[in-house]
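Worksheet: the structure to be examined is printed underneath.
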Amino acid sequence: LWTHVIKYYDKTALPFRNRAQYYRENGQTDLALQDYARSIALEKDPDVINSRARLNFERQNWAEALKDYNLAIELDPDVGEYYINRGAVFAMQRDYRAALSDMTKGVELDPNFENGYKNRSLVYQALGQIGQAQQDLQTYLSLNPYDATIWYESGRLYRMQNDNPNALKALTRAIQLDPQRGLYYLERARVNAVLGQKPQARSDLANAERLGAEIDSQTRAAVQ
C-alpha cells in the first residue's frame, strides 16, 4: 500500500515513515533506515527521528542513535521519552551520570512514562544506589502492576537490602503472574532459605530445576 502511495506522493514524508515502520516490524532494518532518512529529509519530525534512533539503538549503533536523540530533543525539548531514550544510550556507553541526568529529566517531564523508572532503576543499580533503584521499581509497579519481570527484580533488590519478608512477597507475586520461570523460584528458594523456611525452599528449588534454571552449589547447600 505505502509503496503504491509513494509512486504518486514521493515528496510527502508520511508514506516513507509508515513504510519504514512496516520494514522495521518485519526485520528489514536497512530498508527501514532508508525510508526513515527519506521521511526526515522531507520533514524533520522529532517523533520519526526518535523512531530511527530507537532502531539504531537496537542495532547497537550508539553514535547514530545519540545523534538522532540530540536532534529530536533540539526540535522538541518537552518530550520526556526522548531524554529517557538518550539516557539509555549513555548507559550503554557506561556514562551513568549523564544517563541519570537524562532519565531524571525525562520522568520529570512525563511522570507516567513507566519505562523511564525501569531504565533509571538499572542506572541506579550500576551506580550502587540500591535504595533509589528499588524506589523506581515501586513507582513502575504502581503504573504497571502486572509485569512479572519487575516484581522479580524488586524481590531481588529487596534480598540485596536484606529485606527478606518484602522479597518473599515480591517474588511470590512474580510467580503468580508467570509461574513458568524457573529463575523466579530459584530466587524465592534463596529467600525462603534465609528465612529458615527450608521445606518451602526445597520445593522452590525443585520447581526451579524442573523449569530449567541452573542451580548453583551455594543455593543447593543453603536449602538442605
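(1) 71, 35, 27; (2) 60, 37, 36; (3) 76, 41, 30: which one is Cα extents along the principal axes in Å as calculated from this entry?
Of the labelled values, this structure produces (1).
What's the carbon and sulfur percent of the range 154-224's accessible surface, probe 1.4 angstrom, rounded to a whole number? Working shown, then result.
Values: 1720 of 3740 Å².
Taking all protein chains in place, the range 154-224 shows 46 percent carbon and sulfur surface.
With everything on Cα atoms, drop me the angle between helix 96-109 and the longest principal axis of the chain, reported from 0 to 90° to the nearest 10.
80
Once the Cβ-Cβ distance between T104 and L42 is put in as r, and R0 is 30 Å, what FRET efficiency do you end up with, to the nearest 0.05? Can you show the working numbers first?
Values: r = 34 Å, r/R0 = 1.14.
Working from the Cβ atoms, E equals 0.30.
In whole angstrom, note down how far apart the Cα centers of the range 33-76 and the range 198-224 are.
Distance between centres, Cα-based: 46 Å.
What angle, in degrees between 0 and 90 and rounded to the nearest 10, separates the Cα long axis of helix 80-92 from the longest principal axis of the Cα atoms of the chain?
Roughly 70 degrees, rounded to the nearest 10.
Testing the spin-label approximation: label points 7 Å from Cα along Cα→Cβ at R210 and L14. State their distance in nm.
The modelled label-to-label distance comes out at 5.5 nm.
Taking the dipole about the Cα centre of the chain, with the C-beta of Lys and Arg at +1 and of Asp and Glu at -1, give me whichever of S203, L127, A72 is farthest to the positive side.
Highest projection toward the positive end goes to S203.
What spacing in nm lies between the two simple spin-label points modelled at Q218 and A126, each 7 Å away from Cα in the Cβ direction?
Spacing of the two 7 Å Cα→Cβ label points: 2.4 nm.
What does the accessible area per residue of the range 1-130 come to in Å², with a 1.4 Å probe and no ligands, DNA or RNA counted?
Computed with neighbouring chains in place, this is 54 Å² per residue.
Greater than 22 Å separation of Cα atoms is the criterion. Which listed pairs, K169/K198; K44/K118; K118/K198; K44/K67, meet it? Could the numbers behind the result be given before it?
Values: K169/K198 17 Å; K44/K118 29 Å; K118/K198 32 Å; K44/K67 14 Å.
Checking Cα-Cα distances, K44/K118; K118/K198 exceed 22 Å.
If you roll a 1.4 Å probe over the heavy atoms of the protein chains, what accessible area per residue do you get for the range 155-222, in Å²?
Numbers: 3610 Å² over 68 residues.
Counting only protein heavy atoms, the per-residue value for the range 155-222 is 53 Å².
Of the listed peptides 207-214, 78-85, 43-50, what is their order by residue-averaged count of other C-beta atoms within 10 Å, with the highest listed first? Let's see the in-between values first.
On the way: 207-214: 15.2, 78-85: 21.5, 43-50: 18.2.
Output ranking for 207-214, 78-85, 43-50: 78-85, 43-50, 207-214.
For the pair E25/D163, report the inter-label distance in nm, with labels modelled 7 Å from Cα in the Cβ direction.
4.0
Given the -39500 (n - 2.57) contribution per DSSP H run of 4+ residues, what per-residue ellipticity at 222 nm results for the chain, rounded to the nearest 500 deg cm²/dmol? Don't skip to the answer; put the middle values down first.
Numbers: 14 runs with 174 residues, N = 224.
My calculation for the chain gives -24500 deg cm²/dmol from helical runs alone.
The values are calculated or read from the model by the stated rules, or taken from the named source; none is laboratory data. No experiment lies behind these values; they were computed from the predicted model shown. Every residue, glycine as well, gets a Cβ built from its backbone with ideal geometry; the counts of neighbours run over all protein chains shown. Heads up: the accessible areas ignore ligands, DNA and RNA and are worked out on the full protein's heavy atoms, side chains in. Shrake-Rupley method; radii C 1.70, N 1.55, O 1.52, S 1.80 Å.
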